[in-house]
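> Before we start, here is the structure in question, set down as C-alpha cells.
The values are calculated or read from the model by the stated rules, or taken from the named source; none is laboratory data. None of the values given here were measured: they were computed from a predicted structure. Every residue, glycine among them, receives a Cβ derived from its backbone with ideal geometry; neighbour counts consider all protein chains shown.
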C-alpha cells in the first residue's frame, strides 16, 4: 500500500455496537488480525498492483480509473478466503471462515467498507439472502431484517447487529430465495409449490401448486405477488390469500422462467428460456400482452430497467463447447430493439446514460445506452465476484452504478462514478 493507508471511517460514526457479544468478539478478532497483521484499509492513489489469478486479486487504485470518471470508494482486506458474496439492501454479505467456524457470514457496510457483524453458519448459503426495510415511519420500532435459508429453515436476523430474531421451520423443500413483505415472506419449493408464510405466527397462510419447481424469487408489487415457475408460467397471486378467482391469473410461455420478474412503469417485465422477453399489463383477473421480443437465445437473468429502456442478457449454449452471451436494449414502451452487443454476461446497473455490464472476457464495460457503443472498460478478471446493486436500492442515488468487486483472497473494493 502507499502512504495513504488508513482504517475506513464513516462521517458521524465513531463505533460499531454489537447486540450479540459472541459475534462482536469474533468480528473484533477478524479486524484485529487484518490481512497481514493490518486493519481494513482504503486504497490510496499509489496502491500496489498485484496481477495473479485466481487466488490473488489485482487491486484497483483511484489513479487507475480516474480518467474514466470513476473512483475507488473503499477497499477492505478480509483476513480469510471469501467463498460467497451477495448484495442485499445496499450492503455486502460474504461467507468466509475463521478458526472456530468453517462457514462465517459477515456483513460489510456498502457505504464505508466497514465490517458490521458476524454470524456462524452451518453450511454455505443455499440461496441469495434478502433484507427487508420497514421504511422511515416504522424503522425505529422495526429495524431492518435479514432473511436466509439454511437446512430447511428460514432464519431472520436483526440486520443492525446480526442477532437472531427467530426461525421458521419449512415442511417443504425450499427451492428459491425468500421474498419478504411487511407481513409475509414468499418461497418457492422443489415440490412445485409457492408458499405465503406469515411473519407474525410463522405459519403457512396459503400455498399454490404450479407445474414445475419455482427457482426464481417471487416479486411483490401492490397487493400481488408474481411468481415465475420452471413450468414456463407466471402466476399473479394475492399476497394475503394466494389464488383468488377474480384477481389472479396465469400467463404461459414456451420455456422456463428462472429469473425474477421486474415491475417497472406499472408493467411486468420478464424473460423466458423460450427466447423471448415479455411485457405484460395486469388488468385485474388477466394479463394483457403489451409486447414480446424474440431474443434468439434463452433469457436467464433478471432484466434491468432504466429510463425508457429494458436491458435483457441472454445465454446460448446450444453449440458444444461454446456459450454465447449478449445484452439487447429494448424500448420499454414498445419492445423495439435499439441495439445489441455480444459477449456480455450480465447487466449490472445504469447511470447517467451508461450501462455498466460484465463481459465474458472478465472486463467491466460502460456501454452508452443510446447505441451500445463502449465508453470505457476496466479489467476485473482477477475478482471472483462482480456485483451491482440489488433491486431494493435501485432508487438510491448512492448506489447507482456502484460496483462491488470481491476476490477469493479477501480483497473487496467498491468503485463508482466520480460525483
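> If you take the residues in region 120-137 that are in contact (Cβ under 8 Å) with a residue 40 or more places away in the chain and part of a loop (DSSP other than H, G, I, E, B), which one is farthest from residue 175 (Cα to Cα)?
Per the criteria, the residue is 134.
> Same structure, new question: Where in region 285-352 are there strands (runs of 3 or more DSSP E), lying wholly inside it, with at least 2 residues that are farther than 30 Å from residue 242 by Cα?
Result: 309-316, 324-331, 337-342, 344-351.
> Give the residues of region 139-180 that are within 13 Å of residue 199 (Cβ to Cβ) and exposed (fewer than 13 other Cβ atoms within 10 Å of the Cβ), sorted by residue number.
166
> Give 362, 331, 353 a once-over and let me know the one that is within 22 Å of the chain's Cα centre (by Cα), surrounded by fewer than 20 Cβ atoms within 10 Å (Cβ to Cβ) and farther than 19 Å from residue 400 by Cα.
Among 362, 331, 353, only 362 is within 22 Å of the chain's Cα centre (by Cα), surrounded by fewer than 20 Cβ atoms within 10 Å (Cβ to Cβ) and farther than 19 Å from residue 400 by Cα.
> Next question, about the same structure. Checking the condition outside the structural domain of residue 364 (by TED's automatic domain parsing), surrounded by 15 or more Cβ atoms within 10 Å (Cβ to Cβ), under 30 Å from residue 354 (Cα atoms) and in contact (Cβ under 8 Å) with a residue 40 or more places away in the chain, which residue from 98, 75 passes?
Exactly one residue qualifies, and that residue is 75.
> Quick check, is residue 367 over 25 Å from residue 90 (Cβ atoms) and more than 20 Å from the chain's Cα centre (by Cα)? First the steps, then the outcome.
Working: over 25 Å from residue 90 (Cβ atoms): no; more than 20 Å from the chain's Cα centre (by Cα): yes.
No; evaluated as a whole, the condition is false for this residue.
> While we're here: From the list 149, 154, 194, which residue is part of a strand (DSSP E or B), free of Cβ contacts under 8 Å to residues at least 60 places away in the same chain and under 18 Å from residue 238 (Cα atoms)?
One residue alone meets the criteria, 194.
> Okay, next question. Only one of these conditions is not met by residue 414: (1) closer than 15 Å to residue 70 by Cα; (2) within 19 Å of the chain's Cα centre (by Cα); (3) modelled with pLDDT under 95. Which number is it?
Result: residue 414 passes all but (3).
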